[in-house]
Each structure stands twice: as structure tokens, then as C-alpha cells.
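Participant: Just passing along the structure, written as C-alpha cells.
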Amino acid sequence: SRSIRLAVIPGDGIGPEVVAQGLKVLDAALPSDVKVETREYDLGARRWHATGDTLPDAELESLKDHDAILLGAIGDPSVPSGVLERGLLLKLRFAFDHYVNLRPSKLLPRTATPLAGRPEIDFVVVREGTEGPYVGNGGSLRTGTPAEVATEVSLNTAYGVERVVRDAYERAQARPRRKLTLVHKNNVLVHAGHLWKNIFDRVGREYPEVTTDYLHVDAATIFFVTQPERFDVIVTDNLFGDILTDLAAAISGGIGLAASGNINPTGAFPSMFEPVHGSAPDIAGTGKADPTATVLSVALLLRHLGYEAEATRIETAVTEDVTGRDGSARTTDEIGDALASRVRAASVTP
Ligand code: IPM
Ligand code: MN
């Protein structure tokens, strides 16, 4: 019989609440012969306050021994900014070489969008996940004085850019519209920009069926709002991708629906799936958190592990649930239950 060894990092704030619903729907989606072995990791703000640990080496090692990781949310205002981000979340993305940060956006019927005229939105951002300004390269001189100088040096390697660009071409090739847009800022960031554009053009010659486009990141933000239907697959660097995917969430149903996968396509390390939203400490414990982003992240997890039909059933359940929303308030748990029963009903083999 098949099995999935799943590491779970519920984390802070609403993290544990949404992860519980994600696991509920995972269980509903899988056939009974697939066994899920979960191991929970106590990481995040509580742990840091108690022990000073963010992610000890022993736990990093033991996380490797899983097929995938499901993460809720990390961060709390009581922890200095950057401690958990760098010591836990980014440490995982870097240590497990999650070079494809996959963030799909789809505007479902009747979901909220601030855009007029309800455009078609169905695109996926392939955000580079291991380089760029996120590497922590830089420093500050004369810190705290009027003469302070700070640098953040963006790291871009041909190796790192080519592998993510190639992944994006593969994804574009597999989609009906076969369009790939590179987003950068090569009119100002000329060194990294030219590296990205040259590799994008060179790899593109191997994908003659994929239509390509290039946009500066500032122009891309305009088109996200005025013409989001022009996008199919977008490939971009770590920081541009971070910013663009929050905007993508805002135009396509809100941050409560935005899912993501931190993927190592080689399978050398477990990939990690998480909602794009944060720990939302202001609503933690109130039952107001929407678990849908986590549930959709579980769908990405299942697809990554080869459970395509199960992933699609979850996505269909979400579409139906979201389309049927009448504005009445439901708790985190009620939404999870509703999704799990839709998935279960769809999984019953006649
Ligand atoms: C995200 C988050 C993280 C990022 C932070 C919490 C480090 O904003 O997953 O988009 O910047 O990547
Ligand atoms: Mn972000």
C-alpha cells in the first residue's frame, strides 16, 4: 500500500487552525489504501520564546526524511522582525533548495476582486526561491549613525536562473495558452536583468511553441490591474515575485484563497506547501480564518506527489464552495468541514 510521510509545521497565529482543516481535507481526498504518516514540528514564535530555537539542525535533518511539508504560518509581533523569517522559513526554503516558488492565481466565480469588469484571471507565478536579494548578502557600516551605509546585494547565478526559467517554460508548454512572461527591471538592474533576459531568450529557443513576453516589474503591476488576462505563466526573481504574488492574491479573491508551493523539482529534498498569507495574530482563535488557501496548498502538495485526481477534486470542491458562498459568516472549522464533505462525495467511486 502507498503512504505519504508528511511533516507538519502548524506555526503561529491562525497557522494551527488552518492546518487542521488542510489535514482534514487531505484525509477526505485520499483513497483508503494511502496511509498518511504525519509528524508535527513545534516551530515558530512559541518555541523561540521558550527555548530560543528557530530551526535546530537535528530538526532540519529529520524534516528531510519526509515526502512533503505542510506549513501553516510563521510570525508573531512579539518576535523581532526577521528572526523567524530568516531563521525558520527562509532557512527551510534555502536548505531544501526550493527554487520554484509556485503561486497560482485564478479568479473564481463570485469571489471578490477590486477589478472592474471581472476579467479572466488564470495565471501562475513561478517565483525564484533561493537567490536574489533574499540571500542576506550585504551589511551595514557605521550602524545607527547619521553616516550609516547599508547594502543588500542580490545574488543571481546562471545556474539558479536557468533552472527556474526552464521550469517555467515547462509549465507554460503544458498549459493551453503556452505563454511565458519574464518580469524584471533590466532597464535599471542591468547586471541581474541582462543575466535573466539572456537566459530567458536562450532557453526559449528550445520551446518554440511558447510565446514569450518581457515586462519591467513596474509595468507588470499596471497590467495586473488593467489587463490581468494577458498573463499565463510568469517567471521572476525572488523579491519581485514576493510583491507580485500579494498583488495577484488581492485581485483574485483575496489572500484567504492564495496557495503556494516551495518546490524542489528534483526531489532531492521535500517540497513545502503553505498559504501565502501570514499568521494573522489579530484573528487567531476567533474562528474567522479562511482555511481555503491552506486547502488549496494541500492540492498543490498532492499534485506534486503524483495524486493528480485527488488534487483536482480538492480544487473543484473549492470552486464549488466559493461559488456557493452567500455572504453568511462561517467558521474556519465549518469551511473545512464543507470542503471535506464535498471532496469525500466526489471521491466515492460508483
Ligand atoms: C511570503 C512571505 C515571506 C517572503 C516572508 C515571511 C519571509 O512574505 O512567503 O511571501 O517574503 O517570502
Ligand atoms: Mn510575501
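Participant: Using Cα positions and a limit of under 30 Å, work out the lysines in reach of LYS24, with same-chain residues fewer than 8 apart set aside.
Facilitator: LYS35, LYS64, LYS91, LYS106, LYS288
Participant: Rounded, prolate or oblate: which fits the stretch 113-252, taking a ≥ b ≥ c as square roots of the Cα gyration tensor eigenvalues, rounded meaning a/c under 1.5, else prolate when a/b beats b/c?
Facilitator: Oblate is the answer for the stretch 113-252, as a/c is 1.5 or above yet b/c matches or exceeds a/b.
Participant: May I ask for the Rg/Rh ratio of the stretch 237-350, computed from Cα atoms with Rh as the Kirkwood radius, given to two decimals? Don't skip to the answer; put the middle values down first.
Facilitator: Working: Rg = 15.0 Å, Rh = 15.3 Å.
Rg/Rh: 0.99.
Participant: Could you give the dipole magnitude of the chain about its Cα centre, charging the beta-carbon of Lys and Arg +1 and that of Asp and Glu -1, in debye to the nearest 20?
Facilitator: 660
Participant: Gaussian network model of the chain, Cα springs within a sub-10 Å range: biggest mean-square fluctuation belongs to which of ALA220, ALA248, ALA329?
Facilitator: Of ALA220, ALA248, ALA329, the most mobile in the Gaussian network model is ALA329.
Participant: Setting aside same-chain residues fewer than 8 positions from LYS197, which aspartates and glutamates have a Cα under 19 Å from its Cα?
Facilitator: GLU128, GLU131, GLU162, ASP167, GLU170, GLU206, GLU209, ASP213, ASP218, ASP232, ASP237
Participant: To continue, here is another question. Rounded to the nearest 0.05, what FRET efficiency do THR316 and ARG202 have when you use their Cβ-Cβ distance and R0 = 51 Å?
Facilitator: 0.85
Participant: Under the rule of -39500 (n - 2.57) per DSSP H run of 4 or more residues, summed and divided by the residues of the chain, what mean residue ellipticity at 222 nm is obtained, to the nearest 500 deg cm²/dmol? Walk me through the numbers before you get to the answer.
Facilitator: Details: 11 runs with 136 residues, N = 350.
Roughly -12000 deg cm²/dmol at 222 nm, from the helical runs in the chain.
Participant: Highest GNM mean-square fluctuation, the chain, Cα pairs closer than 10 Å: which of ARG46, ARG205, ARG103?
Facilitator: Among ARG46, ARG205, ARG103, the largest GNM mean-square fluctuation belongs to ARG205.
Participant: While we're here: Between rounded, prolate and oblate, where does the stretch 7-63 land on the alpha carbon gyration tensor, with a ≥ b ≥ c its root eigenvalues, rounded for a/c under 1.5, else prolate if a/b exceeds b/c?
Facilitator: oblate
Participant: For the chain, what proportion of DSSP beta bridges, expressed in % and rounded to the nearest 5, is antiparallel?
Facilitator: 40
Participant: When a/c is below 1.5 the answer is rounded, else prolate if a/b is larger than b/c, else oblate, so apply that to the stretch 1-154 with a ≥ b ≥ c taken from the square roots of the Cα gyration tensor eigenvalues.
Facilitator: Because a/c hits 1.5 or more and a/b fails to exceed b/c, the stretch 1-154 counts as oblate.
Participant: Would you work out which of THR111, ALA50, LEU141 lies farthest towards the positive end of the dipole of the chain? Charges go on Cβ: Lys and Arg +1, Asp and Glu -1.
Facilitator: Going by the Cα projections, it comes out as THR111.
Participant: Give me LYS179, LYS35 ranked fewest to most by other Cβ atoms within 10 Å of their Cβ, as a rough exposure proxy.
Facilitator: Fewest to most other Cβ atoms nearby, the residues stand as LYS35, LYS179.
Participant: What list do you get for VAL233, VAL217 if you sort them by fewest beta carbons within 10 Å?
Facilitator: Ordered from fewest to most neighbouring Cβ atoms within 10 Å, VAL233, VAL217 come out as VAL217, VAL233.
Participant: Quick one: check the C-alpha center-to-center distance for the stretch 69-146 versus the stretch 323-348, whole angstrom.
Facilitator: The stretch 69-146 and the stretch 323-348 have Cα centres separated by 28 Å.
Every number in this text was worked out from the coordinates using simple rules, so none of it is lab data. Since the structure is predicted, the reported quantities are computational estimates derived from the model, not experimental observations. Note that we place each Cβ from the backbone using ideal geometry, even for glycine, and neighbour counts take in every protein chain shown.
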